[in-house]
Structure formats: C-alpha cells, structure tokens
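Trainee: Can you read through this structure? Questions will come right after.
The values are calculated or read from the model by the stated rules, or taken from the named source; none is laboratory data. The structure displayed is predicted, hence computed values, not measured ones. As a convention, Cβ positions derive from the backbone with ideal geometry for all residues, glycine included, and neighbour counts pool all protein chains shown.
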Amino acid sequence: MKTVGLDRDTAADAVLAASELATNAFNHALRAGPDVQAGPPELWVWARVTPTPQLVVSVFDTCRSAWPDTAPRDLLDEHGKGLGIVGMLAAAWGTYPTRSWLGRPDLWGKAVWCAFPLPGPWPNARTTAPPVLVARHLTSSLAGRGIAGVSHCHGKGVSLVTVPRPNGQDVNVWVEPGHLTYTSASGARIRRPVVDLYDVTENLVGSIESPGHA
C-alpha cells in the first residue's frame, strides 16, 4: 500500500473493504445455486489514474445469480452490512459481469469492486511505451481471459487492436505511445493513458460480458 502512496488510514480502509468483499463472496455468492462454476474467488488490486488517481480493490466470484444491492444500506441491518461498510469506506463501488483473471479463461462470473483515492498527481501518468508492445500485451491479456478473435495490426507510431463483441460490433482500440483510445458500448469516446492498461483491459472484458458496461 505504501508503494502507491496510501496513507495509513486509507490503507486500513482498503484492507477492511477487501476483507468484506471476500467474505461476501464466500458467504453468499458461492452458496447461491447450481449455476456456480467450480472456481475460487479471486482478489484483484490495481491502480488507475482515470478519472482520478485511485486504488481499485475487486473480488471476483463465479456466480451471476446472486448480485449485491448497490443501494445505500443501514449499517444496523444485519443483511448486507458488509457491503454497507464498503460503501462507507470507499470513494466508489459497484459490480459488473466479467471473467476470471487468475483461473481458467472459461470461468465467467462477476466482480464487486471499490476504489480509494490516491495522492495526485500520479507520478507515472505520462509514461509512454511503444504502441506495438502495448497492443501485443492487450491482445495477449484479452486472449488469456477467453476473448476469442482479438487481432492487432501496426503502423508508424500507432497500433490497432480489434476486439470482437457478441453483437457483431467490434471495438477498435487505437494505441499511441502514451494513450489508448476506443469507443465504449454507449458510444462515448474514451481516451486513457497507457498506465491504465490494466483498467482498460478489465473494462473491455466487462463490455463483452455486459453490453452496458463501459
């Protein structure tokens, strides 16, 4: 936590939130019904600079029949109290369908995430990288999540990664030395710094699993 600049109190909040998300996954999602695939919950943690510098803590489980209620909760209510705590501690939180990152690529489920502010400006926000390397990494990461048909091509100073969607509308991710640009499922143009590659990858997987996800 110190590596990304979190102060002691925020780091403690992030650890508590991660514990609550993991407990929720074990106590509720994994007991939800016969549709649950064989796969343990996964803890994902990464930093991003967009929309603001944040530490993202996410717990993945393989159940989509049980979804958390994102409405504000009374902390005195025994049902969903853990997520109420997460909502109180984090700057933002939510849930969306996605696929396993650490297990088999055919394991699909959902992620429940929360975000905590990082001190800004982020020191590496202007990091650049050869587009061809970023494009290859993005293609490999998506393929590793079971996304079939991802392709990439390269030009002078720019690369293009094409990501198929189930609805037939491909996502074209333009990779420049410092940025990635693509259009979300809602039609919004998204421009992200290269240091947000992990977050962009997860957003793309989410958009494939749920057409309404960015």
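Trainee: Which residue is modelled with the highest pLDDT, if the candidates are limited to segment 28-77 and must be small (Gly, Ala, Ser) and within 28 Å of residue 7 (Cβ to Cβ)?
Mentor: For segment 28-77, the residue satisfying everything is 58.
Trainee: In segment 178-190, which residue that is of a type in the set (S, T, N, Q) and surrounded by 13 or more Cβ atoms within 10 Å (Cβ to Cβ) is nearest to residue 137 (Cα to Cα)?
Mentor: 181
Trainee: For a quick check of your reading of the model, give me the residue pairs whose first member lies in segment 35-46 and is more than 20 Å from residue 15 (Cβ to Cβ), whose second is of a type in the set (Phe, Trp, Tyr) and at pLDDT 80 or above, with beta-carbon atoms closer than 9 Å and at least 6 apart or on different chains.
Mentor: So the pair list comes out as 37/108; 39/60.
Trainee: Continuing with this model, one more query. Here is a list: 194, 200, 112, 205. Which entry is under 30 Å from residue 16 (Cα atoms), assigned by TED's automatic domain parsing to the domain that holds residue 50 and of a type in the set (Val, Ile, Thr)?
Mentor: Just a single option satisfies the conditions, and that option is 112.
Trainee: Restricting attention to segment 118-160, and to residues there that are of a type in the set (S, T, N, Q) and at pLDDT 95 or above, which single residue is surrounded by the most Cβ atoms within 10 Å (Cβ to Cβ)?
Mentor: So the residue we want is 159.
Trainee: Any residue in segment 177-204 that is of a type in the set (Gly, Ala, Ser) sitting within a Cβ distance under 6 Å of a residue that is crowded, with 20+ Cβ neighbours inside 10 Å and part of a helix (DSSP H, G or I)? List the pairs, counting only those 6 or more apart or interchain.
Mentor: Between residues of segment 177-204 that are of a type in the set (Gly, Ala, Ser) and residues that are crowded, with 20+ Cβ neighbours inside 10 Å and part of a helix (DSSP H, G or I), the close pairs are 178/194; 185/207.
Trainee: Could I ask something else about it? What residue, of 175, 195, is crowded, with 18+ Cβ neighbours inside 10 Å and closer than 29 Å to residue 7 by Cβ? Walk me through it before giving the result.
Mentor: Values: 175 fails: closer than 29 Å to residue 7 by Cβ.
Among 175, 195, only 195 is crowded, with 18+ Cβ neighbours inside 10 Å and closer than 29 Å to residue 7 by Cβ.
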